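Trainee: My questions all concern the structure below.
The values are calculated or read from the model by the stated rules, or taken from the named source; none is laboratory data. Please read all numbers here as calculations on a predicted model, not as lab measurements. Cβ placement follows ideal geometry from the backbone for every residue including glycine, while neighbour counts extend to all protein chains displayed.
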């Protein structure tokens, strides 16, 4: 696993062994950032269920202003911090060990981009989206990127954002939601 492009291009990142982690493949990561294009530059980013932090780190490497990384697992937090040290992005990052729902419940920050790649088949995406909607955490032009099993249904029932396109890559689905701005 590596940073694909930007200021930290080619930096190898460590991944979290075991647990329920599935690092985003380089192909899927490339697809996500191709979809986001220039929206990444100067963005405030949230990487929920961050795992190794690869998506948030890729965003910073491509010009994001900052990223908040959240994960519940101690091993993930250690991996994120190591990867931020390797890429020299600690000054643009906040790493919080908490579950996504606790973080979202108290969130007062507005984000331009939110990455969500939770464990599959646990309904974490729907619950997270509902909490994001209730707390209105998206900027007026914000984008949410959800990675899920291709079998998962992501509903379009939110006040502050709407479901855009879905992309299938093998057994993985990437769903893009946009702020109603």
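Trainee: Restricting to the stretch 74-91, name every residue that is assigned to a helix (DSSP H, G or I) and either more than 23 Å from residue 125 (Cβ to Cβ) or in contact with a helix residue (DSSP H, G or I) (Cβ under 7 Å, 6 or more places away or on another chain) (or both).
Mentor: Within the stretch 74-91, the subset assigned to a helix (DSSP H, G or I) is 74-87, 90-91.
If the condition is that a residue be assigned to a helix (DSSP H, G or I) and either more than 23 Å from residue 125 (Cβ to Cβ) or in contact with a helix residue (DSSP H, G or I) (Cβ under 7 Å, 6 or more places away or on another chain) (or both), then 74, 78, 81, 82, 83, 84, 85, 86, 87, 90, 91 are the ones that fit.
Trainee: Kindly provide the set of residues from the stretch 110-141 that are in a loop (DSSP other than H, G, I, E, B) and at pLDDT 90 or above, ordered by number.
Mentor: Keep residues of the stretch 110-141 that are in a loop (DSSP other than H, G, I, E, B), which gives 110, 117-123, 136-137.
Within the stretch 110-141, 110, 117, 118, 136, 137 qualify.
Trainee: Look through the stretch 108-131, keep the residues that are touching a residue at least 60 places away in the same chain (Cβ under 8 Å) and farther than 24 Å from residue 28 by Cβ, and return whichever of them is surrounded by the most Cβ atoms within 10 Å (Cβ to Cβ).
Mentor: 110
Trainee: Something else now. Which numbered condition trips up residue 5, out of (1) without any contact (Cβ under 8 Å) to a residue 24 or more places away in the chain; (2) not in a helix (DSSP H, G or I)?
Mentor: All conditions are met except number (1).
Trainee: Being free of Cβ contacts under 8 Å to residues at least 12 places away in the same chain and either assigned to a loop (DSSP other than H, G, I, E, B) or more than 15 Å from the chain's Cα centre (by Cα) (or both), is that true of even one residue in the stretch 58-73?
Mentor: Taking every residue of the stretch 58-73 in turn, none turns out to be free of Cβ contacts under 8 Å to residues at least 12 places away in the same chain and either assigned to a loop (DSSP other than H, G, I, E, B) or more than 15 Å from the chain's Cα centre (by Cα) (or both).
Trainee: Return the residues of the stretch 92-101 that are in contact with a strand residue (DSSP E or B) (Cβ under 9 Å, 6 or more places away or on another chain) and assigned to a helix (DSSP H, G or I); say none if nothing qualifies. If you could, list the steps in order and put the result at the bottom.
Mentor: Kept after step one, since they are in contact with a strand residue (DSSP E or B) (Cβ under 9 Å, 6 or more places away or on another chain), are these residues of the stretch 92-101: 92-100.
Across the stretch 92-101, the qualifying residues are 92, 100.
Trainee: Consider residue 53 against the criteria (1) surrounded by fewer than 22 Cβ atoms within 10 Å (Cβ to Cβ); (2) under 12 Å from the mean Cα position of the chain (by Cα): it satisfies all of them except one. Which criterion is unmet?
Mentor: (1)
Trainee: Among the residues of the stretch 142-161 satisfying the criterion of being in contact with a strand residue (DSSP E or B) (Cβ under 6 Å, 6 or more places away or on another chain) and not in a loop (DSSP other than H, G, I, E, B), which is nearest to residue 108 (Cα to Cα)?
Mentor: 142
Trainee: Residues in the stretch 24-41 that are surrounded by fewer than 14 Cβ atoms within 10 Å (Cβ to Cβ), in contact (Cβ under 8 Å) with a residue 40 or more places away in the chain and under 18 Å from residue 110 (Cα atoms): how many?
Mentor: 0
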